[in-house]
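The structure under discussion appears below in the form of structure tokens.
The values are calculated or read from the model by the stated rules, or taken from the named source; none is laboratory data. Here the structure is a predicted model, which means the values were calculated and not measured. Heads up, the Cβs are rebuilt from the backbone with ideal geometry, glycines too, and the neighbour counts pull from every protein chain shown. Quick note on the areas: whole protein, heavy atoms, side chains included, nothing else; ligands and nucleic acids left out. Shrake-Rupley method; radii C 1.70, N 1.55, O 1.52, S 1.80 Å.
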Amino acid sequence: MGEQNAGTDTGAYAQAVRDAVDRALAEDLGPEGDLTSALVPEDARAQFAQRARRSGVLAGCDCVTETYRRLGPEIDLRWRASDGDEVSAGDTVLELAGPLRPILTAERTALNFLGRLSGIATLTAQFVTAAHESNPSVAVLDTRKTTPGLRLLEKAAVRAGGGTSHRFSLSDAVLVKDNHLAGTSITDAVHRARTLWPGRMVEIECDALDQVAEAARAGADAVLLDNMDPGTVVEAIAVAHVNAGSILTEVSGGVTLATIGAYAAAGPDRISVGALTHSAPVLDLGLDLLWTTAHTVESRAEGR
């Protein structure tokens, strides 16, 4: 089924990292580069520690590495944690040493990637934990509600947090939603999809039990139970299995950390949560100076 493998190609991921760093550095450097860091002596060197300010799950390490590599290939990066690792407040996740200028230039770009993607991984881990307390077998999926241009990176962050990727693009699978049904029926949509794209996953969004029954009888691979309360989800799953025993069931729509346990207990195979990518708070991390040869820092230290 194309959805679960979407976005996992390593070559595509590596290219997405390079492209994202290209865009981010273009934003930060502007037409004349880092004016402020040019004030720092060219031969100044320094060592820093990237530390977590809050507990969470790390993601985005490849983007950080690529950012520093572009601006200072001679910077020595030593990772103390990897994507998917749980970190606590105060933990050092990365040590870096080398020329001070490029480190200062790259600092914010790298932090933006690490904080944003680690925030997604952290929120995903919270949803997965809450769901598995009620149903250890349920999968927690992301959606296409991602930052334009960063989808592959954000979906990788979801996987780092223990989640599962839904379809990456509109080409990966057929997902018939209510707006599509304004122009066709459930049965016709399933049959036409089978004719046009045999072997592709076909999922039907349902907001009523009669739609679930029709989708199952028509031979859909999965039903998306949209904005149903947990009690109705139990009924919908029963209806789906009566009409097609092996059909996948997925809950979606307004699922929160407070409610995902109840939805998981209702027994679906999957729960998709748009908030994983569109509402994840940034994980707070900071870059702490350990030492520098820069004259200005030495002067401040002598004056204390």
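Numerical summary
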item	result
Listing of strands (runs of 3 or more DSSP E) fully contained in segment 34-134 that carry 3 or more residues being at pLDDT 95 or above, open to solvent by 10 Å² or more (accessible area, probe 1.4 Å) and out of contact with any Lys or Arg (no Cβ under 8 Å at 6 or more places or on another chain)	45-52, 76-79
Residues (buried (at least 18 other Cβ atoms within 10 Å of the Cβ) and out of contact with any Phe, Trp or Tyr (no Cβ under 9 Å at 6 or more places or on another chain)) located in segment 229-242	Ala236, Ile237, Val239, Ala240
Within segment 141-172, tally of residues that are out of contact with any Leu (no Cβ under 8 Å at 6 or more places or on another chain) and open to solvent by less than 10 Å² (accessible area, probe 1.4 Å)	2
Given (1) over 19 Å from the mean Cα position of the chain (by Cα); (2) β-branched (Val, Ile, Thr); (3) in a loop (DSSP other than H, G, I, E, B), number of the condition Thr147 does not satisfy	(1)
Qualifying position, being acidic (Asp, Glu) and under 30 Å from Thr147 (Cβ atoms), among Asp210, Asp226, Asp188	Asp226
Leading residue by the ranking (farthest from Leu224 (Cα to Cα)) among those in segment 185-207 that are in a helix (DSSP H, G or I) and among the hydrophobic types (A, V, I, L, M, F, W, C)	Leu196
